[in-house]
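First the structure, in the form of structure tokens, and then the observations on it.
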Amino acid sequence: MRRQSITVLTAAIISAVFSTTVFAVNGDMGAGTEPLTDGSEAYPYLIEDFDDFDEFASDPNYWDDCTRLDCDIDLDPALSGRITYPNAVIAPNTSGSYNHFQGTVFTGIFDGNNHTISNLSIDNVADLNGYLGLFGKIYGSDAEVKNLGIKDCNVISVDYSYFLGGLCGYNQNGTITNCYATGSVDGSYYLGGLCGRNHGIIRNCHSSGSVTGSSYLGGLCGYNEDGIISNCYTTGYADGAVSGVGGLCGHNINSTIINCYATGSVIGSYNLGGLCGGNQTSTISNCYAGGSVTGGSNVGGLCGIDYDGTVNDCFWDTETSGQSTSAGGTGKTTAEMKTVSTFLDAGWDLITVWNIEEDQICPLLRKYSAVDTNYDNKVDMIDFADFANYWLDGVE
């Protein structure tokens, strides 16, 4: 009888020990789960603590597979085991060249699973490798980063640094969706609060904070080339010493920006716009800008300068921007920017894409419940369900 009890107890202890391995901890990236993780979309590698994150970030073999973040990660350098990174954390440039990437690119799928990575600190003053952010370079049509928040990042470099962003330095043909970044980005060229340079797709994303540098700066994206930015917004400000500075995007070339808005301030010398500094052979549709714009020449409330581009059904606030002209778009007073008919008459989708409350707020993207409603970069919580019916009842 006693032997049977010992056997039962031993089995229970063994079961308890092995049950702890179903969680991805201590850098095992999900080893021991049932079914076993293999890096596929169905069974992605798992990050459930900092050790797992450190393992993922240090081993390029994970960067072409599927990985899911199952916890919030705090990268505060003041915490034990954390550091101020000298380069991008994942897929960094290793060449020592500020604008030519050499290293292993990220070609996999990273699902943030609606978790956050906070207090990312990158100081690249010594190396000047460029391509800075949580991801250095996202590459390929199969590559995707989704459902991830970057909170309170600090990404800094010096003169002649290229491609800096809170989430990534350069997105080449990849997709970034349902992501956001807050914090500060400080460098030279091609800088964005979320992404430095985009040659892919950015959708359903937002940013806030500060972007400071020389040229091609945007609150969300510094340089959008052959890319698409849709259903995005930014409340961050962009401060450029020279040119190509926009509230959302510094320069838009051969690209599309649709259903986006920017409310942060823009400062620079020339080619400055509340939404986009320069729009070159590109299309901007159903967008608006509501921040102040201050600079020298080619300064506009929505766009600073246009090179054979097209701007459809877009607006800027003439009062908050301090600008009465723009290279594209239609200027409206603050009151008109809070009037349903302004946007309804322009054909905006105020049912599935945008929302607005008459005389109270400017249009807001329905995807988000936390938005800037007063151009003051302060976040107000909006219950869309409450006010959607308020004005829709009177719209035929």
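Here is the figure for the range 295-314: residues that are over 20 Å from Tyr190 (Cα atoms) and of a type outside the set (Gly, Ala, Ser) total 6.
Among the residues of this structure, Ile267 counts as one that is in contact with an Asp or Glu (Cβ under 8 Å, 6 or more places away or on another chain) and either over 21 Å from Cys205 (Cα atoms) or free of Cβ contacts under 8 Å to residues at least 40 places away in the same chain (or both).
Here the condition is being without any contact (Cβ under 8 Å) to a residue 12 or more places away in the chain and of a type outside the set (Val, Ile, Thr); of Asp72, Asp51, Asp59, Asp65, it holds for Asp59 alone. Scanning the range 274-288 for residues that are outside any loop (DSSP other than H, G, I, E, B) and surrounded by 20 or more Cβ atoms within 10 Å (Cβ to Cβ) yields Cys276, Gly277, Gly278, Asn279, Ile284, Tyr288. Quick check on the range 193-200. Is at least one of its residues over 22 Å from Cys71 (Cα atoms) and of a type in the set (D, E, K, R)? Checked against the condition, which is being over 22 Å from Cys71 (Cα atoms) and of a type in the set (D, E, K, R), the range 193-200 yields at least one hit. Looking at Gly222, is it within 20 Å of Ala181 (Cα to Cα), buried (at least 24 other Cβ atoms within 10 Å of the Cβ) and in contact with a Lys or Arg (Cβ under 7 Å, 6 or more places away or on another chain)? Answer is yes for this residue. The set of residues in the range 124-143 that are farther than 23 Å from Asp70 by Cβ, over 16 Å from the mean Cα position of the chain (by Cα), at pLDDT 95 or above and not hydroxyl-bearing (Ser, Thr, Tyr) contains only Gly140. Only residues that are farther than 15 Å from Asn87 by Cα and not hydroxyl-bearing (Ser, Thr, Tyr) were counted in the range 139-174, giving 17. A search for C-beta distances below 9 Å between a residue of the range 345-373 that is over 13 Å from Tyr261 (Cβ atoms) and any residue that is in a strand (DSSP E or B) and at pLDDT below 90, counting only pairs 6+ apart in sequence or on different chains, returns Ser369/Met381; Ala370/Asp380; Ala370/Met381. When we screen Asn113, Asn147 for residues that are under 12 Å from the mean Cα position of the chain (by Cα), of a type outside the set (Phe, Trp, Tyr) and more than 13 Å from Val89 (Cβ to Cβ), the only hit is Asn147.
Only one entry in Leu272, Leu217 is touching a residue at least 40 places away in the same chain (Cβ under 8 Å) and out of contact with any helix residue (DSSP H, G or I) (no Cβ under 9 Å at 6 or more places or on another chain), namely Leu217. Of all residues in the range 62-117, those satisfying the criterion of being hydroxyl-bearing (Ser, Thr, Tyr) and not in a strand (DSSP E or B) are Tyr62, Ser80, Thr84, Thr94, Ser95, Ser97, Tyr98, Thr104, Thr107. Report yes if some residue within the range 152-162 is within 17 Å of the chain's Cα centre (by Cα), surrounded by 20 or more Cβ atoms within 10 Å (Cβ to Cβ) and of a type in the set (D, E, K, R); otherwise report no. No, because not a single residue in the range 152-162 is within 17 Å of the chain's Cα centre (by Cα), surrounded by 20 or more Cβ atoms within 10 Å (Cβ to Cβ) and of a type in the set (D, E, K, R).
This table checks each residue for (1) surrounded by fewer than 16 Cβ atoms within 10 Å (Cβ to Cβ); (2) touching a Pro at 6+ places or on another chain (Cβ under 6 Å).
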position	(1), (2)
Leu46	no, no
Thr67	no, yes
Asp76	yes, no
Leu79	yes, no
Asn87	no, no
Pro92	no, no
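Among the conditions (1) crowded, with 21+ Cβ neighbours inside 10 Å; (2) within 17 Å of the chain's Cα centre (by Cα), the only one that Ser121 does not satisfy is (1). Kindly evaluate Leu132 against the criterion of being surrounded by fewer than 21 Cβ atoms within 10 Å (Cβ to Cβ) and touching a residue at least 24 places away in the same chain (Cβ under 8 Å). In short, no. Among all residues of the range 238-245, there is none that is in a loop (DSSP other than H, G, I, E, B) and buried (at least 21 other Cβ atoms within 10 Å of the Cβ).
The values are calculated or read from the model by the stated rules, or taken from the named source; none is laboratory data. Since the model is a prediction, treat every value here as computed from it, not as a measurement. For neighbour counting, all protein chains shown are included, and Cβ atoms are generated from backbone atoms with ideal geometry for every residue, glycine included.
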